[in-house]
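The next block holds one structure in the form of structure tokens; read it before the comments.
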Amino acid sequence: MSAQISLELLASATKKLTQGELSETRSNALSNLRDSEMPSTKNEEWQYTDISSVFALCEKSLHETSKKVKSTVKKENCIAGEIDAHWIMINNGTIDTQEVKKLRKIGVYVSLLSKNLDNTEVIIDDSLSSLNAVLMSDAIKITISSEAENKKPIGILFDNDTSLSNHASNFRCILEVKNNANISIIHAHTTKINAPHFTNSVVQINLGKNSHVEYLKLQNYSPKQTLIEKSIINLDLNASLNYTSVDIGGQLTRADIVINFNDKHANAIINGVYIAGQNQHIDNHISANHYIGSTQSSQNFYGVIGGNGRCVFNGKALVCEGAIGTNANQYNHNLLISENAEINTKPELEIYNDDVKCSHGTTVGQLDKNALFYMQSRGIDEDIAQQLLTKTFITRILNGIKIPCVKNSLENLITNKLQKLSR
Amino acid sequence: MLEIKNLHAKVGTTNILNGLSLTIKKGEVHAIMGPNGSGKSTLARIIAGDDSYDVTDGEIHYKNKNLMELSPEERSREGIFLGFQYPVEIPGLNNSQFLKAALNAKRKYLGIEEIDAFEFLKMARETIKRLEIDPSFLNRGVNEGFSGGERKRNEILQMTMLEPNIAILDETDSGLDIDALKVVAKGVNEFRNQDNAVILVTHYQRLLEYIKPDKVHVLSEGRIIRSGDESLAKELEKTGYIAEKESKK
């Protein structure tokens, strides 16, 4: 049972939410919570990330679930206004219906899960995903048809405008990519309001046979916000994924990315950049589960940490018995640019099979003083030199993002962040 | 233009420069020669502002300013250029972005309008052509995957573009084949004029066959033990540094 959030409050909150198609899911999730505990630093997977403080926010919001919170965020005023994509704005389970109609024309179908459950599995495999299922007002289901047009990326904006004093949000997005589909997705968590807020998000992605997805997750929350997000990605035969996560904002961020290789020739590149400054904590846990052989995963995460920022990387590859010909690697490189910056990094391999190619490695270092002096000796200011060097460190990951329209916005966000970091 | 008086410097507890004095005037090319560990590179890096050396005594004046009070970037903008013995590789930073940032940093400091991308490229392409350098240099990462010779050519390219008042070339000839050496020498000879000065730090007389120095100094144990003209370099080539050092004892 969860020691941190009152089950009575949860039960009463979930009753107030729309029931119908989702009632069974909610009820199962609530039972899960009765039998499980919220993660704490006593769990190995959570030993460096203490999320106890967010449960108070969650309880606070439980008293408010009857309020319907409407977004005050306008598309033009946030990142959606800068990046030319088909944006789906999600706010507490409501979506912009006009945009949804437009998307139909290009073979992308968006609906509320409660209106289109259709045997969709709502994953509730741990206490946080259960909490999400209990409290989400609804989920968004996006189906990318085989014929979907890929001229512009699909943008999913988890808008966290807390101006109406909502202290926690529970988002869930289910993305079905049909066989042979080819699509680019931008998944953004952003807000302009700087109030304490806890977002508990679950993203389920199924990639059908021969499908290809370019995926960018961008988290740029304001400094008092917490994001805990679990992404569960299933890859079918010959499916390929190029996933990049960019974490630069928030006070506390925990991302669990689980990639299941369910058939041959599936491959996934899981890249990430995290930049943490004063009072920021960013934790990335990645599991590449190779259930079937002849599959390939590559994890490359680059971190820049300044101030008293603290980051965690745990990249794991599981190669199951019989998964012959698996190719898996995990690399994590970190640049600590202040004395109090901290990284806890652990690449992990768990292999139950011969005839596989696996490698892992991690580095932790500081800026090359000789390179700094070289740049200064060419007239470049020390702080600019530091920013340029730091940027070059993460450039190889940014260059791996094959969604051209995000380039300028991403460049600006990162440059601004690095400027703040070097101050 | 540059006056060094009684310079003492150390790294940790090791004394490297022990009372070095040197005066360089406009229009002069000085060669500083000496065996390994004599303090040649230390001198070059101290002039450029490397703070990993502890300057314990002495003065360096440049254009009537106390150089020690200026940061490395200020020294560069004031016209001091150090061609590195081992130019640093900066993967991911485009050579042309780097050069443009350097050029504009100097222009801003001098109150000159910053150069735009078009003008910069025009200037860079012209310089590259003149120096017979591969045009692909501009699009590559700074020294990324460059051979030793390419790195040194890149230093000459930077020097030419930045138009310093004093260029200190730290063993720019080391590791160069004869063709690369000629390119480097061509760059230096085109650069030198009556208003600037060059300090060539080198082990060998070979470079001086292509760049004629006005003065040659022999550095040993952190001080200049002998100065002369071009003929001194030829003499050293025959006798070696040990004989020179022994004769001074």
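Bear in mind these aren't lab numbers, they're just calculated from the coordinates by the rules spelled out. Just so we're clear, the structure is a prediction, and the values are computed from it rather than from any experiment. Note that each Cβ is placed from the backbone with ideal geometry, even for glycine, and that neighbours are counted across all protein chains shown.
Too long at a 30 Å Cα-Cα cut-off: which of B:K65/B:K215; A:K420/B:K122; B:K40/B:K212? Violating the 30 Å limit, Cα to Cα: A:K420/B:K122.
Take every DSSP beta bridge whose two residues both sit in the stretch B:2-248; close to 55 percent of them are antiparallel. Label-to-label distance for A:N43 and A:K152 is 4.0 nm, based on points extended 7 Å past Cα in the beta-carbon direction.
Within the stretch A:325-423, the GluC sites (Glu not before Pro) that combine a DSSP coil assignment with at most 13 other C-beta atoms in a 10 angstrom radius are A:E339. Sparse packing (at most 16 other Cβ atoms within 10 Å of the Cβ) combined with a DSSP loop state is found for none of the GluC sites (Glu not before Pro) in the stretch B:52-81.
Label sites at A:T97 and A:E8, each approximated as a point 7 angstrom past Cα along Cα to Cβ, lie 4.0 nm apart. Within 10 Å of the Cβ of each residue in A:387-398, the mean number of Cβ atoms contributed by other protein chains is 3. Within the shell defined by Cβ-Cβ distances under 9 Å, the residues around A:Q4 carry a net charge of -2, with Lys and Arg each +1 and Asp and Glu each -1.
The helix-only estimate of mean residue ellipticity at 222 nm for chain B, built from DSSP H runs of length n ≥ 4 each weighted as -39500 (n - 2.57), is -11500 deg cm²/dmol after division by the residue total.
Between the alpha-carbon centres of the stretch B:124-160 and the stretch A:123-155 there is a gap of 50 Å. A DSSP coil position with no more than 14 other Cβ atoms inside 10 Å describes the following trypsin sites (Lys or Arg not before Pro) in the stretch B:1-44: B:K25, B:K26.
Work out the FRET efficiency for B:R125 and A:H63 from their Cβ-Cβ distance, taking R0 = 56 Å, and round it to the nearest 0.05. List each step's numbers first, then the result.
Details: r = 67 Å, r/R0 = 1.20.
With R0 = 56 Å, the Cβ-Cβ based efficiency is 0.25.
How much net charge surrounds B:N143 when only other residues with a Cβ under 14 Å from its Cβ are counted (Lys, Arg +1; Asp, Glu -1)?
Values: positive: A:R378, B:R140, B:R151, B:K152, B:R153; negative: A:D368, B:E89, B:D134, B:E144, B:E150, B:E155.
Result for the neighbourhood of B:N143: -1.
To the nearest Å, what is the center-to-center distance of the stretch A:102-117 and the stretch A:253-279, using C-alpha atoms only? Taking the Cα centre of the stretch A:253-279 as reference, the centre of the stretch A:102-117 is 26 Å away. In the elastic network of chain A, a GNM with C-alpha springs shorter than 10 Å, the most mobile of A:L410, A:L218, A:L157 is A:L410.
Please arrange B:T160, A:T120 by how many other C-beta atoms lie within 10 Å of their C-beta, fewest to most. The partial results should precede the final answer.
Details: B:T160 22, A:T120 17.
So the ranking, lowest neighbour count to highest, is A:T120, B:T160.
What is the antiparallel percent of DSSP beta bridges lying wholly in the stretch A:7-367, to the nearest 5? Each step should come with its number before you reach the end.
On the way: 7 of 138 bridges.
The antiparallel fraction comes to roughly 5 percent.
When only alpha carbons are used to place a centre, the stretch A:191-238 and the stretch B:170-249 end up 62 Å from one another.
Rank these for me by crowding, A:C78, A:C311, A:C320, going from fewest to most other beta carbons within 10 Å.
Working: A:C78 20, A:C311 28, A:C320 16.
Fewest to most other Cβ atoms nearby, the residues stand as A:C320, A:C78, A:C311.
Working note: 222 nm ellipticity from helices only, DSSP H runs with n ≥ 4, each -39,500 (n - 2.57), summed and divided by the residues of chain A, gives -7000 deg cm²/dmol to the nearest 500.
Taking the charge dipole of the protein assembly as shown about its Cα centre, with +1 at Lys and Arg Cβ atoms and -1 at Asp and Glu Cβ atoms, the residue from A:S127, B:I112, A:L218 reaching farthest to the positive side is B:I112.
Run through the DSSP bridge list for the protein assembly as shown and note the antiparallel percent, rounded to the nearest 5. Please list the in-between numbers first.
Numbers: 31 of 180 bridges.
Here the share of antiparallel DSSP bridges comes out near 15 percent.
In the Gaussian network model of chain A, springs joining C-alpha atoms below 10 Å, which of A:F55, A:F171, A:F158 carries the largest mean-square fluctuation? Highest fluctuation among the options: A:F55. Bridgeable lysines around A:K178 (alpha carbons under 21 Å apart, same-chain partners fewer than 8 residues away excluded): A:K101, A:K102, A:K105, A:K115, A:K141, A:K151, A:K152, A:K209, A:K217, A:K264, A:K402. Expressed in units of 2.2 N^0.38 Å, where N is the residue count, the Cα radius of gyration of the protein assembly as shown is 1.19.
For the pair B:H61 and B:E113, a Förster radius of 35 Å applied to the C-beta separation gives a FRET efficiency near 0.70, rounded to the nearest 0.05. Take each residue of peptide B:84-93, count the partner chain Cβ atoms within 10 Å of its Cβ, and average: the result is 5.
The amide H of A:H360, built 1.01 Å from its N in the peptide plane, has A:Q330 as neighbours under 5 Å, considering only residues 5 or more places off or on other chains.
Multiply the residue gap between A:K105 and A:T362 by 0.36 nm, knock off their C-alpha separation, and tell me the result in nm, one decimal place. Let's see the in-between values first.
Working: separation 257, 0.36 × 257 = 92.52 nm, distance 4.56 nm.
That pair, A:K105 and A:T362, stretches by 88.0 nm at full extension.
Rounded to the nearest whole Hz, the Karplus-based 3J(HN,Hα) values (6.51 cos²θ - 1.76 cosθ + 1.60, θ = phi - 60°) of the stretch B:54-68 follow the sequence 9, 7, 9, 7, x, 9, 10, 10, 9, 6, 6, 10, 7, 4, 5, with x at glycine and proline.
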